[in-house]
Amino acid sequence: MKLKAAIVEPGSSHEECMDSWLLFLQADYQCDIVASDEVMHRIEHLNATKKLVFAEKSSSWKKAWFIYQTILKNQYDVVIFNTCQGNVVRNICWLPKPKKTKYIGLVHDGSKLLHSGTQKIISKKIHQYFVLAQYIAQNIQKQNANIKTDWIYLIFNQRSVTKLSKNSNEIWITVPGRIHSSRKNYEQLLDDWNTIEIPENWKLILLGSLDPNKDDFHLHLSKKIKQHPKQQQIITFNGFIPYDTYESYITQSDFIVPYTHDKDADIWQYNQFRITGSYASAFGKKIPLVLPEKDQLSTDFQNSAYFYSTDWISCIHKALQQPKALYQNEFWEIDHHTKKLKSYL
């Protein structure tokens with residue numbers, strides 16, 4: 001007889017991680033999903049034993065009480081909090097934990113484990129914490145070796161994607177994620193793209209919504225692209241990008257260029273304790289990353305990226321001429337993470 005597990009998303013996002021939890025557990029566990037109505041309609045493809053829904057617009061205490069009563073009623077052996085931070089999880093952890101149930105927590109912002117009073121309350125009930133990259137776990141350990149956390153890649157999913165039209169000789173260089181000025185220097189990115197060193201078969205894909213009516217930055221960037229000498233080699237989207245379209249572009253990309261920077265303390269903090277979606281997208285589809293050389297000390301990137309000092313265009317030229325065997329380590333495979341999770345259960 002299988003054991004019982006629940007994958008709980010108390011918030012309104014991060015549903016992309018839930019595929020992996022199910023894949024890790026389903027061989028040995030009956031897996032339920034507990035999430036809001038807002039999240040649930042985005043994970044219709046997931047095959048859970050049961051899907052238990054609460055209202056996104058209800059209060060944090062009502063959400064916590066629904067989740068807690070669900071845990072008690074179903075007598076789960078394992079409960080995985082897909083977002084293990086915030087008031088809803090804190091409220092659950094104020095209540096008595098069932099003796100036979102292990103709480104596993106995924107923290108998306110590792111700095112919470114170091115500085116958050118709310119997180120200290122949660123930590124008293126959590127059997128094991130996970131974060132989404134090795135460098136996050138290492139940075140937490142550097143500041144507090146007593147915090148019990150491990151890393152896990154939640155990059156595996158059950159969805160198929162549509163194949164897009166792409167000429168066989170084209171090279172797709174993709175910059176994924178929401179377009180805003182704070183974390184990516186799009187001005188410099190477009191200036192870099194204006195060079196004779198870029199062959200006509202290269203395409204720069206800005207894989208985020210670029211709406212000139214949204215704000216001054218989007219309007220300025222849209223105008224700059226329209227006036228760009230290589231405008232025909234830049235692909236943009238002026239509205240919401242459906243999941244299937246987004247994943248299809250990622251899957252068929254030749255390189256992913258996050259192009260993030262550390263221009264202020266908040267961004268430095270983000271880069272130390274959170275994972276950008278660009279990394280997760282590349283890891284999931286095993287697409288080579290193109291990163292600044294400061295990142296080459298991180299174990300996450302040593303087998304997944306090409307590195308540049310100042311010129312990422314030349315880095316891609318070299319990568320095409322002298323390709324490396326990337327994504328060869330066992331931690332890119334699902335079995336590695338399945339075994340890791342089960343070792344804590």
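Bear in mind that the values in this text are calculations on the coordinates, not laboratory data. Model, not experiment: these values are computed from the prediction. Here the Cβ positions follow ideal geometry from the backbone for every residue, glycine too, while neighbour counts run over all protein chains shown.
Grab the Cα-Cα distance for LEU189 and ASN47, subtract it from 0.36 nm times how many residues apart they are, and report the gain in nm with one decimal. Please list the in-between numbers first.
Working: separation 142, 0.36 × 142 = 51.12 nm, distance 4.09 nm.
Taking 0.36 nm per residue and subtracting the Cα distance, the gain is 47.0 nm.
So for the pair SER182, GLN231, with labels modelled 7 Å out along Cα→Cβ, what separation do we get in nm?
Here the modelled spin labels are 3.1 nm apart.
May I ask you to evaluate 6.51 cos²θ - 1.76 cosθ + 1.60, the Karplus curve with θ = phi - 60°, for each residue of the range 51-56 and list the ³J(HN,Hα) values in order in whole Hz, giving x for glycine and proline?
Taking θ as phi minus 60°, the curve returns 10, 10, 10, 10, 7, 4 Hz for the range 51-56.
Apply the Karplus curve 6.51 cos²θ - 1.76 cosθ + 1.60, θ = phi - 60°, to the phi angles in the range 73-88 and return the couplings in whole Hz, x for Gly and Pro.
Residue by residue, the range 73-88 yields 4, 8, 6, 5, 7, 9, 10, 9, 8, 5, 10, 9, 7, x, 5, 4 Hz.
Skipping prolines and chain starts, which residues have an amide H placed within reach, meaning under 5 Å, of the one on LEU3, given they are 5 or more residues away or on another chain?
GLN30
Residue by residue through the range 302-311, what is 3J(HN,Hα) from phi via Karplus (6.51 cos²θ - 1.76 cosθ + 1.60, θ = phi - 60°)? Round to whole Hz and write x for glycine and proline.
Result, ordered by residue: 4, 10, 9, 9, 9, 10, 10, 8, 9, 10 Hz.
Where a ≥ b ≥ c are the square roots of the eigenvalues of the C-alpha gyration tensor, would you call the chain rounded, which needs a/c under 1.5, or, failing that, prolate if a/b is larger than b/c, or oblate?
Numbers: a/c = 1.88, a/b = 1.78, b/c = 1.05.
Verdict is prolate for the chain.
Say each of LYS73 and THR310 gets a label point 7 Å from the Cα, pointing the same way as Cα to Cβ; how far apart are those two points in nm?
With each label placed 7 Å out from Cα toward Cβ, I get 6.4 nm.
At 0.36 nm per residue, minus the direct Cα-Cα distance, what do SER168 and GLU333 gain on full extension? Give it in nm, one decimal, please.
Extra length from SER168 to GLU333 when fully extended: 56.6 nm.
On a full-extension model of 0.36 nm per residue, what is the gain between LYS2 and TYR344, subtracting their alpha-carbon distance, rounded to one decimal in nm? Before the final figure, lay out each step's value.
Numbers: separation 342, 0.36 × 342 = 123.12 nm, distance 1.72 nm.
Once the chain is fully extended between LYS2 and TYR344, it gains 121.4 nm.
Which one, ILE235, ILE121, GLN69, projects farthest toward the positive side of the charge dipole computed for the chain from Cβ point charges (K/R +1, D/E -1)?
After comparing all options, I get GLN69.
Out of SER123, SER58, SER281, any idea which swings most in a Gaussian network model of the chain, alpha carbons joined below 10 Å?
Looking only at SER123, SER58, SER281, the biggest GNM fluctuation is shown by SER58.
FRET efficiency for HIS127 and ASP244, Cβ-Cβ distance as r, R0 = 35 Å, nearest 0.05? Walk me through the intermediate numbers first.
Values: r = 36 Å, r/R0 = 1.03.
The formula returns an efficiency of 0.45 here.
For the chain, what does -39500 (n - 2.57) per DSSP helix run (n ≥ 4), summed and divided by total residues, give at 222 nm, in deg cm²/dmol to the nearest 500? Spell out each step's value before the answer.
Numbers: 15 runs with 126 residues, N = 345.
Result for the chain: -10000 deg cm²/dmol, rounded to the nearest 500.
If we sort 229-235, 180-186, 153-159 on the protection proxy, mean other Cβ atoms within 10 Å, highest first, what's the order? Kindly include the intermediate steps, with their values, before the conclusion.
On the way: 229-235: 13.9, 180-186: 16.6, 153-159: 18.1.
Taking the mean over residues of other Cβ atoms within 10 Å, the ranking is 153-159, 180-186, 229-235.
Under 5 Å between amide H atoms, partner at least 5 residues away or on a different chain: which partners does LEU289 have, H built in plane at 1.01 Å?
It is ILE256, ALA305, TYR306, by chain and number.
Just to be sure I follow the definition: excluding the sites themselves, where is the longest run in the chain that has none of the GluC sites (Glu not before Pro) in a DSSP loop with at most 16 other Cβ atoms within 10 Å? Write out the running numbers ahead of the final one.
Values: sites that count: GLU44, GLU56, GLU170, GLU197, GLU200, GLU333.
Answer - 201-332.
Name the residues whose placed amide hydrogens come within less than 5 Å of the amide hydrogen of GLN128, ignoring near sequence neighbours (fewer than 5 apart) on the same chain.
Amide H to amide H, under 5 Å and 5 or more residues apart or across chains, GLN128 pairs with GLY105.
Given the C-alpha centroids of the range 111-148 and the range 34-58, what is the distance between them in whole angstrom?
After rounding, the separation between the Cα centres reads 27 Å.
Going by alpha carbons, how many degrees (0 to 90, nearest 10) lie between the helix axis of 312-321 and the longest principal axis of the chain?
Here the helix axis deviates by roughly 90 degrees.
Across the range 112-190, how many lysine pairs, 8 or more positions apart or on different chains, have C-alpha atoms separated by under 21 Å? Please give the number.
Pairs that pass both the separation and distance tests number 9.
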